[in-house]
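The values are calculated or read from the model by the stated rules, or taken from the named source; none is laboratory data. Small disclaimer: the values here were computed from a predicted structure and weren't measured. Positions of Cβ are backbone-derived with ideal geometry, glycine not excepted, and every protein chain shown enters the neighbour counts. Just so you know, the surface numbers come from the protein's heavy atoms only, side chains and all, with ligands and any DNA or RNA stripped out. Shrake-Rupley method; radii C 1.70, N 1.55, O 1.52, S 1.80 Å.
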Amino acid sequence: MDAIHIHELTKRFWSGWPGRPSVTALDGLSLSVSRGEIYGFLGPNGSGKTTTLKILMGLIRATSGTAELFGQPAGDVQVRRRIGFLPESPYFYDYLTGEEFLSFYGQLAGLQRTELGRRVTDLLEQVGLSDARRRQLRQFSKGMLQRVGLAQALIHDPELIILDEPMSGLDPLGRKQIRDLILSLRDQGKTVFFSTHIIPDVEMICDRVGIIVKGRLLASGRVDELVSHGHTQSVEVVCEGIPAERVRTIAEPATRVLQQGRRALLVLPGHERLEEILAAIRAQGGTLVSVTPQKGSLEELFLQQTHDQADGRPAREA
């Protein structure tokens, strides 16, 4: 049984004014998240990420389609006990200290005093806030608030953790701490489903990723499968010892040429004319420095899918 199963999920927001059309936030979205994996939900602002997470948490209802958590309908009270959630813009009682804040939410989750004290201490250490445990939240930076919010989502030791933009507002050190924490959650057998538009974080820690644009899932799968499909996207050739005016005569197949002193970089769209370029370099008396195949990147795929959708082109199959 999957931790998350979404089928043909549609959500329309009605304007409430005569003559004004409804806004479709989700358009037949279907995806599944297996237990024990990290799934990155990637999309630009306004793509439907937060709407999806709110439906999963039972905060809003879908117009049509189904969303299930552990085989039960989203919003089921018993299922909520197994979920930790960090919204995109959480509200904090800023007069509480970090320690008091986590204790408050731990009591709401039904934790006993002894267990609660241990969980608060452990979580503050995991998110790097041990030294600030007795400071009021109003004195926290945005990044510190994001980290204490994540600790709140974990206070009751949930099986599934749903995070909306968890890296937002964090400096590089804070992002690394959160990435390490998410990886440790997977090592404990937990499932993490998080939305983001920060592509490097997805590439570094996710088992699978889904790209959503305008409420539609355009691609889903492992990062390496999505970006390459086993094919080289381009080839970089570096040579030296050829004057700049002669480089131009052999660079016709290249999509880009960079010249720096006696060294030149030629970017080819594929392997098809590689031998032709190498022969031309030798004929000009140049020296070959390197030939480097370049695989596609998740960023390139994301930009391509977003651009194609904006132009009305059909989505690529994952």
Check your understanding: If you go through segment 89-116, how many residues are exposed (fewer than 11 other Cβ atoms within 10 Å of the Cβ) and aromatic (Phe, Trp, Tyr)?
Key -> 2
Check your understanding: Where in segment 98-169 are there helices (runs of 4 or more DSSP H), lying fully within it, with 2 or more residues that are among the β-branched types (Val, Ile, Thr)?
Key -> 113-126
Check your understanding: Can you name the number of the only condition in (1) buried (at least 20 other Cβ atoms within 10 Å of the Cβ); (2) in contact with an Asp or Glu (Cβ under 9 Å, 6 or more places away or on another chain); (3) of a type outside the set (Phe, Trp, Tyr) that residue 261 fails?
Key -> (1)
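Among the residues of segment 79-105, which ones are small (Gly, Ala, Ser) and over 23 Å from residue 56 (Cβ atoms)? Steps first, please.
Within segment 79-105, the first condition is being small (Gly, Ala, Ser), and the residues that meet it are 84, 89, 98, 103.
Answer for segment 79-105, where residues must be small (Gly, Ala, Ser) and over 23 Å from residue 56 (Cβ atoms): 98, 103.
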Review point. Of all residues in segment 96-136 being in contact (Cβ under 8 Å) with a residue 12 or more places away in the chain and of a type in the set (D, E, K, R), which is nearest to residue 185 (Cα to Cα)?
Key: 119
Point to revise | Residues satisfying the stated conditions in segment 187-202, i.e. surrounded by fewer than 17 Cβ atoms within 10 Å (Cβ to Cβ) and not in a loop (DSSP other than H, G, I, E, B) | key: 187, 200
**Study point:** Any hit, segment 206-228, residues being of a type in the set (Asp, Glu), crowded, with 19+ Cβ neighbours inside 10 Å and either at pLDDT 90 or above or outside any loop (DSSP other than H, G, I, E, B) (or both)
**Key:** no
Check your understanding: Do we have any residue at all in segment 12-23 that's open to solvent by 10 Å² or more (accessible area, probe 1.4 Å) and of a type in the set (A, V, I, L, M)?
Key -> yes
Exercise for review: Please find, within segment 34-70, the residue that is most open to solvent (accessible area, probe 1.4 Å) out of those that are farther than 29 Å from residue 224 by Cα and assigned to a loop (DSSP other than H, G, I, E, B).
Suggested key: 61
Review point. Does any residue of segment 117-125 turn out to be of a type in the set (Lys, Arg) and either open to solvent by less than 60 Å² (accessible area, probe 1.4 Å) or touching an Asp or Glu at 6+ places or on another chain (Cβ under 6 Å) (or both)?
Key: yes
Review point. Which is without any contact (Cβ under 8 Å) to a residue 24 or more places away in the chain, more than 30 Å from residue 155 (Cβ to Cβ) and of a type outside the set (D, E, K, R), of 219, 244?
Key: 244
Study note, to complete from the structure: In the set 150, 137, the lone residue that is under 19 Å from the mean Cα position of the chain (by Cα) and either modelled with pLDDT under 95 or closer than 29 Å to residue 172 by Cβ (or both) is 150
Point to revise | Among residues of segment 82-118, those that are within 25 Å of the chain's Cα centre (by Cα) and not hydroxyl-bearing (Ser, Thr, Tyr), counted | key: 9
Exercise for review: Tell me, yes or no, whether segment 68-78 has at least one residue that is at pLDDT below 90 and within 26 Å of residue 176 (Cα to Cα).
Suggested key: no
Check your understanding: Within the group 61, 81, 20, 12, which residue is touching a residue at least 60 places away in the same chain (Cβ under 8 Å) and basic (Lys, Arg)?
Key -> 81
Point to revise | Number of positions in segment 71-84 that are within 14 Å of residue 162 (Cβ to Cβ) and not in a loop (DSSP other than H, G, I, E, B) | key: 4
Study note, to complete from the structure: Note: among 235, 247, just one is among the β-branched types (Val, Ile, Thr), under 30 Å from residue 269 (Cα atoms) and either part of a helix (DSSP H, G or I) or at pLDDT 90 or above (or both), namely 247
Check your understanding: Checking residue 86 against (1) surrounded by fewer than 16 Cβ atoms within 10 Å (Cβ to Cβ); (2) at pLDDT 90 or above, which single condition isn't satisfied?
Key -> (1)
